[in-house]
Amino acid sequence: MRPVDTLGFGMLVECSILRYLETPKGPTHMARLSILIVFWSACAFAQAPTQTDPAKADTPSAGTATVSKVGASAVGEQPASGDDAYRLKLKELQGRVNELKGKIFQTKTRLAILKESVLSDTIAGAEARLIHRNEMGAGFDLEKVIYSLDGNPIFSKIDRGGDLDQETELQFFDGPVVAGPHTISVVMIYRGNGFGIFSYLRGYVFTLTSSHTFHAEEGKRVIVKAVGYEKGGITTDLKDRPGIRFENMLMDPDRRTTPKAKKE
């Protein structure tokens with residue numbers, strides 16, 4: 001502060017901060033007015049609402065956009081999750097059905113064997129040994145076989161990793177049977193495996209079916225082989241070659257040597 005003037009009102013002092021004049025005894029009328037203006041301005045500034053950029057106000061924040069996107073994604077993925085759950089459930093049911101089919105087939109097989117065992121105990125029966133043999137060339141892959149004896153399924157196998165196709169000979173039945181005629185039925189499914197000029201074979205699936213009646217003699221063992229082989233000769237088209245033949249052998253149950261087979 002510094003003294004400015006004396007006009008009969010006393011010495012006036014200029015304030016460098018508030019920029020008004022006052023006397024040593026108190027503020028003048030001008031000073032009071034200046035103070036009111038400053039006070040009013042401060043109150044108006046404090047009460048004024050904070051201005052927001054319209055562009056920013058209308059645009060959602062990054063966090064909101066992310067949440068919205070996640071929510072939309074979650075809603076969109078619900079049907080996919082439902083489909084996955086449905087397919088998983090369907091796959092489980094199919095597995096159970098296949099398992100039940102396998103158990104039913106095994107039960108039928110055991111019943112057929114039990115039936116033959118019971119009949120052989122009451123009647124002086126014979127013995128039978130049934131063998132599957134694969135003599136097909138490399139142009140044919142064996143995928144599945146099904147065998148039945150007198151109308152009852154006794155053996156079924158699907159190739160998995162070559163465990164069927166690469167087996168040259170497989171015995172699937174050896175036990176007592178009732179003396180007399182019996183019929184063996186077989187289904188062999190081959191898939192073409194040609195290469196080079198014979199690559200067209202890959203599009204072929206060969207389903208071979210055949211039946212054979214053999215006679216089991218009392219006190220004897222009959223051996224029957226069902227053989228998948230290539231019939232014809234060099235001039236026979238490959239797609240016409242797959243065939244099935246049967247071989248019968250009759251021997252005493254206690255003999256270790258097998259007589260020469262009889263082909264039919």
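No value in this document is a laboratory result; all are computed from the given coordinates. Quantities reported herein were computed from a predicted structural model and do not represent experimental measurements. Cβ coordinates were reconstructed from backbone atoms using ideal geometry, including for glycine residues, and neighbour counts include every protein chain displayed.
Taking neighbour counts of Cβ atoms within 10 Å as a proxy for exposure, in what order, fewest first, do Met251, Met188 appear? Present the calculation step by step, with values, prior to reporting the outcome.
Details: Met251 16, Met188 25.
Arranged by neighbour count, lowest to highest, Met251, Met188 become Met251, Met188.
Please list, ordered by chain and number, the residues whose modelled amide H lies under 5 Å from the amide H of Lys220; skip anything fewer than 5 residues away on the same chain.
Glu127
Using a Förster distance of 51 angstrom, determine the FRET efficiency expected from the C-beta separation of Ala85 and Tyr200, and round it to 0.05. Write out the running numbers ahead of the final one.
Numbers: r = 43 Å, r/R0 = 0.84.
FRET efficiency, Ala85 to Tyr200: 0.75.
Dividing the convex hull volume of the alpha carbon atoms of segment 103-263 by its residue count, what do you get in Å³ per residue? List each step's numbers first, then the result.
Numbers: hull volume 19.4 nm³, N = 161.
Looking at segment 103-263, the number lands at 120 Å³ per residue.
Positive end of the charge dipole of segment 133-264 (Lys, Arg +1 and Asp, Glu -1 on Cβ, about the Cα centre): tell me which of Met136, Ala226, Gln166 has its Cα farthest that way.
The listed residue farthest towards the positive side: Met136.
Return the loop-located chymotrypsin sites (Phe, Trp or Tyr not before Pro) in segment 136-180 (DSSP other than H, G, I, E, B) with at most 14 other Cβ atoms within 10 Å of their own Cβ; answer none if there are none.
When the chymotrypsin sites (Phe, Trp or Tyr not before Pro) of segment 136-180 are filtered for loop state and at most 14 Cβ neighbours within 10 Å, nothing remains.
What does the net charge come to around Gly194 if you take all other residues with beta carbon closer than 12 Å to its beta carbon, with K and R at +1 and D and E at -1?
Working: positive: Arg191, Arg202, Lys239, Arg241; negative: Asp141, Asp237.
Around Gly194, the charge tally is +2.
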